[in-house]
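The structure appears right after this line, and notes come after that.
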Amino acid sequence: MMPVNLMEYGLWRLLAGPALAALHFVVSYGATGIFCERSDNADALLTLRYGLGAFTLVILALIALVTLLAWQQGGFLQKAQDRHTEDSAEGRHAFLAHITVLISALSFVGVAMISLPILLVGSCS
Amino acid sequence: MAEKDWQPGECPLPGCLPATFWLLFLSGCAGEQSTYTAAGVEAASTLTLYYWLFACVIVVWLLLAGIFVYATRVRPKIHSEKGASIFVIVGGIVLPTLALTVIAIVGIILMTQHRGQEAVRDIRVTGEQYWWRFEYLDHEGKVIAETANEFALPVAEASRMHLITADVIHSFWVPALAGKVDMIPGRINELVLEPIRTGRYRGQCAEFCGASHALMGLVAKVKNSEDFQRWLSAQADDARPPATPLSVRGQQVFLQSGCGACHAVRGTPANGRLGPDLTHLASRDRIAAATFANDQDKIRRWLAHTGQIKPGVQMPTFDMLSDTELAALAAYLGDLQ
Amino acid sequence: MTDASNLDPEARQLLKVWSRPKGWRAISAVNNSEVGRWYAAAAFIFLLFAGVLALLMRIQLAVPENDFVSADTYNQLFTLHGSIMMFLFAVPMFEAISIMLLPEMLGARDLPFPRLSAYGFWCFVIGGVFVSGSIFFDVAPRSGWFMYPPLTTQQSGLGADIWLLGLSFIEIASIAAAVELIIGVLKCRPPGMRINLIPLYAWYVLVVGVMILFAFPPLIAGDLLFEMERAFDWPFFDVSRGGDPLLWQHLFWIFGHPEVYIIFLPTIAILAMVIPTFAQREIFGYNWIVLSAIGTGFLSFALWVHHMFTVGLPAASQGYASAASLAVAIPTGIQLFAFLATLLAGKVILRLPMLFVFGSVAIFVLGGLTGIMVAVAPFDWQVHDTYFVVAHLHYTIIGGMGFSVIAGIYYFYPAITGRALNERWGLWVFWLIFIGFNITFLPMHLTGLLGMPRRVFTYLPGLGWDWLNMLSTVGAFVIAAGMALFTLDLIRPKSRHPWSPRNPWNAGTLEWLTEMPGKPWGVRSIPAVTTRYPLLSQPDLMERVDSGQEYLPDASEGKRETLITTVLDARPVQCMRVGGPSFLSLWAAVFTGGFFIFATFSWYWTAFASGLLALASILTWLWRGTGQIPEKERKDVGKGLVLPIYASGHHSCGWWAMFITMFADITAFLSLIFGFFFYWTVNADYPFANLASLGLIWPGLALAGIGGAWLLTWHARHALDTTRAAGQETATALQIGIAAGLALFGVWALIMGPAKAGFDPVAHVFPAITWLLLGWTALHALVGVIMLLFCIAGLFSGRLSKHFTADLHNVTLYWHFLFFTLLVTLLTCVVFPRLA
């Protein structure tokens, strides 16, 4: 019973980057909140930072993968760009692939920026 | 309220108005409650941060508005697509991303520097509708001295404020010393104040807390170390007994009218905890949460028009007292050095 | 207004079908152009009202220690000013403009659910008048539009309840509009308008619609917690019983920050339509702009904590929000640069709307840049809750929204009314508002830096704020003069003015197909589209459309119809019948309003009765107005295309509406679940095992009952879909009947659990949130039972049969979501306490 039209290549791929970024945000934010409210132990926080750091790298790798796949699907070639205004299934495909590259790249930058505190902040206060 | 009761502070604007309005944003004006005054470590660092951010804002704004005017008025002709592409990618993506990342890093580092510092003194501040309770604590957490609405700090020493609330959310803010921190039911928030200059600085509740939120002020007095110690031990003492016949009469009025049910005057039967501690009321510059200058006139007016001056205040209005009783009461309060 | 005499019979019939009801029946109109216009007019009136409130505030603040209004009145003024601007102007204005223009941009005759738009509009008007009117009785909310507890939970009087219930009601209307607009963009495009060709406005509408689904429900969940505390003393925000006022702040700002972008993006979308027209070229960087719309949309959900920098959250949490607040500037910047690049690469002609575009860019950019300043936490600690932030937010909202909306009104006015506004007056309007705005708000940055907090009814002299405040007050009246002139131009009778020429700005998108004056049918026939700017690049399009040579030129069956197309490639798949004029939406809104308004006064029985009447009107509306069995299966829509009239399952718009609505519903539910875990986080010392006394038996029975009903409903739908046997309908009715019985049993078991375990919701927050979650699920199950009964009635009356299964498909979809709700509720309330 999934919305079948959304199962087509473009729109799901398009949402993959933001979805990964959202997951990263929810986990980072939730874990920090719970750790800092429920244990003020500095070691625990260090564990948290390593854990979140590793998690961030995994998410970044996955987003990079999404970006790369979309790129390969013709998203970023100059020739393909000329087709974005085309009234054809190929034009639509190239357009969505290109948007996917852009959105995923933005998600990548977003995740990288939002992870800065993991790198820079060493205490809960 | 129409009458102007407030003693002007050190900010006689537009007397110190610089040549242009824009320059004003740079120099600001060193008022008692101004962030430009920067008499604390955190406030000074934030002021520097502000100048940098402000400079970036002006440059970017001028550039963008300039480009708009250029593209629509100066030269509305067609420019090349390729140029436009480079314009978007470099100007709209690469540069902002780099700049914003730098700002994020600087901001986060500054943030960690200004939270969780070490301090040599603990002060518990309770926000109440619409005034502030200050309790100086010793190392065991016992109260050494209590005061209200006006407190002192030693210069060049870090004091930790433990911020709590007795009722709703308030926010503790003395702009000249540091940023604000909220007082939230069920939480103890901390803020370390480290003044770098002596002087008198005004603060004000910054989180809307009810009808008289606007009139919930406080005064921080930054003193040198000896002055501070002298002040603290004086605050820890009991009240002086009333010296003149008028103030003896005033003390009777105070006790008979039930003031002691809410206010404490240490060393007397008045030991109420609901309202501000008045033991050393006369040592304060201002009354009614830093709203009026502390003189006989204002005290009398405050007692007779409390609810009118501060809507929603918990203290009843004592307009049933006769003028002579009010005068005696004011004299007594004015004696509480 | 419309002259039918010189039309051919086909067009005359079409005109008759789409014509507006006359006389007093005019209020039964549901067509997007009427409802959109009313919506916009109402939102504009609320804008003027809130503007007047602002002027009163500025008078009070003109001099220190002023006593023009009392503290209490002032607090009502600023609370209502913020609440009205946000809930009754900014968001509704987006909905109004979109309802008005989106179908025209897509060459559609109407939105898919016109009566839903009308319902949303009436809800909005009733709720808006209720909330705004409260100030005349001195009972308006008075604790700020952010309503922080415990100030608001402890407050006596009706103000807080009026805010909570009145605005919840309007939030529901917003979600209704979001459902409508999302489906409008996805399914109601003209044939051939693939997803890479849609007008940028539609992209923004899509993004904003989805944002509403994520942003409004948390606030509705928060309102629910809040009202339960106020009305029944359930201690959700009471620290002494395990609650936490910060949960409200989280829920409020999870709504509140995306809200800012919900306001901002649609008006940027207007710029994306105006700028290419006056740059005389297509938009530069269409893809960049789509990226920035989507990117801003999703990043805006990560930065609500920047409203809470001063509450003492962990440094890392503040850091995430700070970085996210800076990151969101990247897509916003891209958007702006793409606009500037369009202007650079085009041959710009300066007309009045462009002046407002300039105002918008100049002001918004400054607001955005100060936004970058306040995103840096240490700087925010100083200026948070000061006039600096007041200045910042007015620069972003009036720059981003105010000026763009006015630009849009000047630009689109001919398309909406057939006549242009006065450009000479417009110059005055622009300069008055632009200069007045800067006189008012530029000094406020400084006022804030000099230490003046927000939301103060007065201030003391001598702090350096006196002359700055006077300046702001003067500026406010200059803005008011500009707005007065603008309003005058809008409302003065224009019947002597000539009609505007068609497509007066030489734009490229389909809304400019409209004739001057416009006809109620939207377009004479629905064109096939092959480019992004069809009016410019498809030469004889207008003639073909006007002469009825394109799709759906007739309404030969006397029904209102529009084309439904596929999501990605806009292949036409259905000729959908949409609702015509009806009083049902109005009645449903009146009774829904009654429910909320009576509850405000704690008249619970009256409220309950009104709620039942609302339910009855909605059921009547659904029964008589939706999913009608067509008299024939297919219809020739012209150009040799024959399309089905009825659709069910995911081919139908109704199914999508259910999907999207339930998505919002699940967001609200997950916000409550978030609340549960939030309480768990802050109550480390609570004997959590206490909750285990709920036991496993009652929840198990509830799972069996409601889960069984779910499976049976699913099975019944599947069987009805796949059967070839005649008379399957009776078996289906039986299955659904059993499912309804099982569900009722499940509801009973769900309630019995905490009742038997003696959970007292007033005693502590955990029994309270457990009751709330179980109650939420039970209520949803009851709604599910009503749906099942609706299906049974449908089976007996013939509107539901093996050929026409839409109702059952939609109901089954509801039950999928319901089962998910049940499962998560039980995992949270039953399983988690045993593990923790």
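Quick note: the coordinates plus some simple rules give every number you see, no bench work behind them. Everything numeric in this text was worked out from a predicted model, so none of it was measured. Please note: Cβ atoms are built from the backbone with ideal geometry, for glycine as well, and neighbour counts cover all protein chains shown.
The trypsin sites (Lys or Arg not before Pro) of the range B:67-174 that DSSP puts in a loop, and whose beta carbon has at most 13 other beta carbons within 10 Å, are B:K77, B:K142.
Where both bridge residues fall in the protein assembly as shown, DSSP classifies roughly 75% of the beta bridges as antiparallel.
Straight-distance candidates among the lysines for linking to C:K494, with alpha-carbon spacing under 23 Å and chain neighbours fewer than 8 residues away dropped: C:K22, C:K519.
Using Cβ point charges alone (K and R +1, D and E -1), the dipole size of the range C:674-835 about the Cα centre works out to roughly 300 debye.
Cross-link pairs exceeding 32 Å in C-alpha to C-alpha distance, out of B:K77/C:K187; C:K347/C:K639; B:K142/B:K221, comprise B:K77/C:K187; C:K347/C:K639.
Taking all C-alpha pairs of the protein assembly as shown, those more than 47 Å from each other amount to 37 percent. Note on the range C:691-836: the C-alpha convex hull projects to 8.5 nm² when averaged across all orientations. Positive end of the dipole of chain C, charges at C-beta (+1 Lys, Arg; -1 Asp, Glu), about the Cα centre: which of C:T667, C:L421, C:L615 has its Cα farthest in that direction? Towards the positive end, the residue furthest out is C:L421.
Ranking B:S322, B:Q229, B:A239 by how far each Cα lies toward the positive end of the dipole of the range B:218-331 (charges on Cβ) leaves B:Q229 at the top.
Averaged across the residues of C:55-66, what count of C-beta atoms belonging to other chains lies within 10 Å of each residue's C-beta? Walk me through the numbers before you get to the answer.
Values: counts 0, 0, 0, 0, 0, 0, 0, 0, 2, 3, 7, 2.
Mean number of neighbouring Cβ atoms from other chains: 1.
The tail of the calculated P(r) for the range C:189-236 beyond 14 Å holds 66 percent of all Cα-Cα pairs.
Largest first and in whole Å, give the semi-axes of the range B:245-335's equivalent ellipsoid, each being the square root of 5 times a Cα gyration tensor eigenvalue. Walk me through the numbers on the way to the answer.
Values: eigenvalues 58, 45, 39 Å².
Working through the eigenvalues yields semi-axes of 17, 15, 14 Å.
Among the residues of C:440-446, the average count of other protein chain beta-carbon atoms within 10 Å of the residue beta-carbon is 2.
By counting other Cβ atoms within 10 Å of each Cβ, how are A:E90, C:E259 ranked from fewest to most?
Numbers: A:E90 11, C:E259 23.
Arranged by neighbour count, lowest to highest, A:E90, C:E259 become A:E90, C:E259.
Rounded to the nearest 20 debye, the dipole size of the protein assembly as shown about its Cα centre is 3100 debye, using +1 on the Cβ of Lys and Arg and -1 on the Cβ of Asp and Glu.
For helix B:95-113, what angle does its Cα long axis make with the longest principal axis of chain B, in degrees from 0 to 90 and rounded to 10? The angle comes out near 20 degrees.
Tell me which of C:F591, C:I564, C:L247 sits at the most positive position along the dipole axis of chain C, charges placed on C-beta atoms (Lys, Arg +1; Asp, Glu -1). My answer, from the dipole projection, is C:I564.
Dipole size in debye (nearest 20) for the range B:121-235 around its Cα centre, Lys and Arg Cβ +1, Asp and Glu Cβ -1?
Working: 13 positive and 15 negative charges, 62 e Å.
Magnitude of the dipole: close to 300 debye.
In chain C the Cα-Cα distances spread across 10 Å bins starting at 0 as 2, 12, 22, 25, 20, 12, 5, 1, 0 percent of all pairs. Compute the FRET efficiency between C:W24 and B:I109 as 1/(1 + (r/R0)^6), taking r as their Cβ-Cβ distance and R0 = 45 Å, and round to the nearest 0.05. Once rounded, the FRET efficiency stands at 0.10.
Please find the FRET efficiency linking B:Q308 to C:L56, where r is the Cβ-Cβ separation and R0 is fixed at 25 Å, and quote it to the nearest 0.05.
Values: r = 21 Å, r/R0 = 0.83.
For B:Q308 and C:L56, the calculated efficiency is 0.75.
Note on B:W52 and A:L119: the model spin-label points, each 7 Å out from Cα along the C-beta direction, lie 1.6 nm apart. Residue ranges C:150-157, C:516-523, C:203-210 sort as C:203-210, C:516-523, C:150-157 when ordered by packing (mean number of other C-beta atoms within 10 Å per residue, highest first).
Sorting the segments B:217-229, C:559-571 by their mean number of nearby beta carbons within 10 angstrom, highest to lowest, gives C:559-571, B:217-229.
Amide H contacts for B:V168 (H built 1.01 Å from N in the peptide plane; partners 5 or more residues away or on another chain; cut-off under 5 Å): B:Q129. Counting, for every residue in C:557-567, the Cβ atoms of other protein chains within 10 Å of its Cβ and taking the mean gives 1. The modelled label-to-label distance for the pair C:F677/B:V74, using points 7 Å beyond Cα in the direction of Cβ, is 5.3 nm.
What are the membrane-span-like helices in chain C by this rule: whole DSSP H runs, Cα extent along the axis at least 27 Å, mean Kyte-Doolittle hydropathy at least 1.6? Please list the in-between numbers first.
On the way: long enough: C:32-61 (42 Å, 1.27); C:114-133 (28 Å, 1.10); C:159-187 (41 Å, 1.66); C:200-232 (47 Å, 1.46); C:245-279 (51 Å, 1.38); C:352-375 (34 Å, 2.17); C:423-449 (39 Å, 1.04); C:466-491 (38 Å, 1.48); C:604-625 (30 Å, 0.96); C:653-682 (43 Å, 1.51); C:697-722 (37 Å, 0.59); C:728-757 (44 Å, 1.07); C:765-797 (47 Å, 2.02); C:806-826 (30 Å, 1.13).
Both cut-offs are met by C:159-187, C:352-375, C:765-797.
Around the amide H of B:G267, modelled in the peptide plane, lie the amide H atoms of B:A239, all under 5 Å away and 5 or more residues distant in sequence or on another chain. Once the Cβ-Cβ distance of B:V94 and A:A44 is raised to the sixth power relative to R0 = 30 Å, the FRET efficiency obtained is 0.15. A Gaussian network model of chain B, with springs between Cα atoms under 10 Å, assigns the largest mean-square fluctuation among B:E157, B:E140, B:E194 to B:E140.
Residues B:D138, C:D238 in ascending order of nearby Cβ atoms (within 10 Å, fewest first): B:D138, C:D238. The mean of 1/r over all pairs of different alpha-carbon atoms in the range B:22-113, once inverted, gives a Kirkwood hydrodynamic radius of 16.1 Å. Roughly what % of DSSP beta bridges within the range B:121-235 run antiparallel, to the nearest 5? Of the beta bridges lying entirely in the range B:121-235, close to 70 percent run antiparallel.
Between C:M452 and C:Y387, the built amide H atoms are under 5 Å apart, and every one of these is 5 or more places off in sequence or on another chain. Of C:I398, A:I63, the sequence from fewest to most neighbouring Cβ atoms within 10 angstrom is C:I398, A:I63.
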